[in-house]
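Some notes on the structure that comes next.
The values are calculated or read from the model by the stated rules, or taken from the named source; none is laboratory data. These figures come from a predicted structure and were not determined experimentally. Virtual Cβ from ideal backbone geometry, glycine too; neighbours counted across all protein chains shown. Each accessible area value is taken on the protein alone, full model and side chains, heavy atoms only, with ligands, DNA and RNA left out. Shrake-Rupley method; radii C 1.70, N 1.55, O 1.52, S 1.80 Å.
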Amino acid sequence: HRDLHSFPTRRSSDLANHHASTKSPSAHKPITQQSKRAHPRGKVSANSRVSFDLTLALHHPNKLQKFVTKVSTPGSGHYRHYLSKAQFQHKFGARKSEIKSTKAWLTKHGFKVDGMPATKLYVSAHGSAKQVEKAFSTGLKYYAVNGHTVRLTKRSEERRVGKECRSR
């Protein structure tokens with residue numbers, strides 16, 4: 001089965017869209033919309049392993065959007081004046097305390113933290129389907145989507161999880 005999760009990637013509390021062969025957190029909306037889940041194929045076994053990326057919220061998203069517009073607009077004084085990875089992380093990335101509390105939240109809920117890329121945009125982790133369902137107040141089921149069997153969630157609890165991570 002392909003392993004796809006249908007969570008937005010806008011908050012640290014959301015599971016990133018994740019394809020079994022890809023670790024890219026770049027999508028900003030669910031891979032499959034609710035309306036396209038018309039072909040259920042069964043419940044995911046409670047012991048089934050689930051790997052996911054928990055995307056960390058960026059700081060100052062409005063400033064980031066303005067910056068992106070400036071560096072992408074010919075004629076702008078900032079056109080093609082990009083930030084280094086370190087500059088981007090300093091201005092917009094998750095803080096050390098946020099990363100630490102996110103990892104602690106995952107561990108508290110029984111997940112194994114697998115790591116994080118140098119960009120510090122997300123934390124990779126894994127656990128059982130039962131752990132995912134309990135920690136994220138959701139259900140996992142298999143669906144037939146575009147000729148593939150995928151594993152999807154019913155919903156995410158963005159605010160609750162994000163609040164718990166920040167409150168540590």
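Scanning the range 58-112 for residues that are open to solvent by 60 Å² or more (accessible area, probe 1.4 Å) and in contact with a strand residue (DSSP E or B) (Cβ under 6 Å, 6 or more places away or on another chain) turns up Lys103, Lys112. With respect to the conditions (1) within 16 Å of the chain's Cα centre (by Cα); (2) of a type outside the set (D, E, K, R); (3) open to solvent by 40 Å² or more (accessible area, probe 1.4 Å), Ala135 lacks only one, and its number is (3). Is it the case that the range 24-45 has a residue that's part of a helix (DSSP H, G or I), among the basic types (Lys, Arg), at pLDDT below 90 and farther than 16 Å from Leu121 by Cα? For the range 24-45, residues part of a helix (DSSP H, G or I), among the basic types (Lys, Arg), at pLDDT below 90 and farther than 16 Å from Leu121 by Cα: present. When we screen Gly77, Gly139 for residues that are small (Gly, Ala, Ser), touching a Lys or Arg at 6+ places or on another chain (Cβ under 9 Å) and free of Cβ contacts under 8 Å to residues at least 24 places away in the same chain, the only hit is Gly77. If only residues of the range 46-57 that are part of a strand (DSSP E or B) and of a type outside the set (Phe, Trp, Tyr) are counted, the one that is surrounded by the fewest Cβ atoms within 10 Å (Cβ to Cβ) is Arg49.
Among the residues of the range 113-125, which ones are of a type outside the set (D, E, K, R) and open to solvent by 30 Å² or more (accessible area, probe 1.4 Å)?
Residues of the range 113-125 that are of a type outside the set (D, E, K, R), as a first pass: 113, 115-119, 121-125.
The answer is Val113, Met116, Pro117, Ala118, Thr119, Leu121.
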